[in-house]
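A quick write-up on the structure given underneath.
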Amino acid sequence: MASTWDPRSLPDLSGRAYLVTGSNKGLGYFASEQLIRAGARVFMTGRNPNRLSAARAAIRRRVPDAAPDAAETLVLDTSNLGSVRSAAASVRGRGGLDGLLLNAGIVHPPASRETTVDGHEVVFATNALGHFALAGELLTPLALRDGRMVWLGSLSTSLTPYDPVDPQLSTGYTAWRAYVQSKVATTALGFEADRRLRAAGVPVRSVVAHPGYSTSGRTPGIAGVNAPTRAKRFRDNLQAAIAQSKEHGAWSLVRALVDPEIEGGEFWGPRTVARGEPRRQTASRITRDEAVAARVWKAAEDATGVRWPFAEAAAAVGR
């Protein structure tokens, strides 16, 4: 399938179930729409129930032949560990899960350091810790269907490859460093998850994908989902040679989630790195450093209190 993959015409995904974080706008919305258009059932999650309802309504308008239950909304705030646990418990009660797209995140961090209700730096918590906890909580449902988890990487990890020695940025906080460190941590966790899943014999693949340079001003306007100003459209269209829409940016994420030929531990992104159809790529060196990954994994365990149930997941499928 790799040589004939067409992101505009996905394979039939009828009978499959996926969860996408941050589904109410941007990459998460378009990934959800593409999955549903191919016949899948999607748990669309986000922090704001009204925005989730607007996104679900947009799906119904744009994919009128989708099954009535194809899009199910679920409130999930990845910056709040209580919200993560609650949402995961709800999903676990629905049976197996074919895929988990760990997409939600803060792209424009606050100018000064802020903390969550759990006491963690908000960017690291939202982009990395919440997804680490969610993936651990849903590991067994994924294993029951030989499922897959996809972590959202970023071009920024190659531009300024900060080592997250202090992932919570207790000192030296800047908005840019907070964002890049969170993405280094997220990508490293994705690769470390694959190593640990293989070692434990758990039939779940962990993949990392990035959307290239995807902007809202290059993205179709959709009521309740994407409504950039004229100024934003003008500025983003000036970058047409290197930028693409969020709709196209979601292609790499969706392929990483559903292409059966993709193996755990791979890294996928747009053909020209910034834009284009998805292809396999090489992640930045720091994200592939196993010592860095082990350190970040321990930091995530300590911060969230979540220990992934590898033995239980393997036992659930008799392996």
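The values are calculated or read from the model by the stated rules, or taken from the named source; none is laboratory data. Bear in mind the structure is a predicted one, so any value in this text is a computation, not a measurement. Here Cβ is always computed from backbone atoms with ideal geometry, including for glycine, and neighbour counts include all displayed protein chains.
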Give the number of residues within the range 225-270 that are β-branched (Val, Ile, Thr) and either modelled with pLDDT under 95 or loosely packed, with under 15 Cβ neighbours inside 10 Å (or both). 3
So residue 54 passes all but one of these: (1) modelled with pLDDT under 95; (2) over 27 Å from residue 270 (Cβ atoms); (3) not basic (Lys, Arg). Which condition number does it fail? (1)
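Would you mind finding the one in 182, 206, 214 that is surrounded by 24 or more Cβ atoms within 10 Å (Cβ to Cβ) and modelled with pLDDT under 95?
214
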Considering only the range 12-35, I want to know if a residue exists there that is more than 14 Å from the chain's Cα centre (by Cα) and over 27 Å from residue 136 (Cα atoms). yes
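Conditions (1) out of contact with any Gly (no Cβ under 6 Å at 6 or more places or on another chain); (2) under 30 Å from residue 59 (Cα atoms), marked per residue:
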site	(1), (2)
144	no, yes
165	yes, no
172	yes, no
175	yes, no
199	yes, no
222	yes, yes
225	yes, yes
Matching residues, the range 189-244, being within 20 Å of residue 282 (Cβ to Cβ), in a helix (DSSP H, G or I) and of a type outside the set (A, V, I, L, M, F, W, C): 190, 192, 194, 195, 198
Name the residues in the range 99-126 that are among the polar types (S, T, N, Q) and either assigned to a strand (DSSP E or B) or surrounded by 16 or more Cβ atoms within 10 Å (Cβ to Cβ) (or both), would you? 103, 115, 116, 126
Do we have any residue at all in the range 94-103 that's among the basic types (Lys, Arg) and modelled with pLDDT of 95 or more? no
Search result, residues across the range 165-176 that are surrounded by 17 or more Cβ atoms within 10 Å (Cβ to Cβ) and not aliphatic (A, V, I, L, M): 167, 168, 173
Residue 121 without any contact (Cβ under 8 Å) to a residue 60 or more places away in the chain and among the charged types (D, E, K, R): yes
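Only one residue in 66, 58 is touching a strand residue (DSSP E or B) at 6+ places or on another chain (Cβ under 9 Å) and either among the hydrophobic types (A, V, I, L, M, F, W, C) or not in a helix (DSSP H, G or I) (or both). Which one?
Testing whether each residue is touching a strand residue (DSSP E or B) at 6+ places or on another chain (Cβ under 9 Å) and either among the hydrophobic types (A, V, I, L, M, F, W, C) or not in a helix (DSSP H, G or I) (or both) leaves just 58.
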Across the range 135-160, what is the total count of residues that are closer than 18 Å to residue 74 by Cβ and either in contact with a Ser or Thr (Cβ under 7 Å, 6 or more places away or on another chain) or basic (Lys, Arg) (or both)? 1
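Out of 28, 22, 46, I need the residue that is modelled with pLDDT of 95 or more, surrounded by 24 or more Cβ atoms within 10 Å (Cβ to Cβ), out of contact with any helix residue (DSSP H, G or I) (no Cβ under 7 Å at 6 or more places or on another chain) and within 27 Å of residue 80 (Cα to Cα). Which one?
Checking each option against the conditions leaves just 28.
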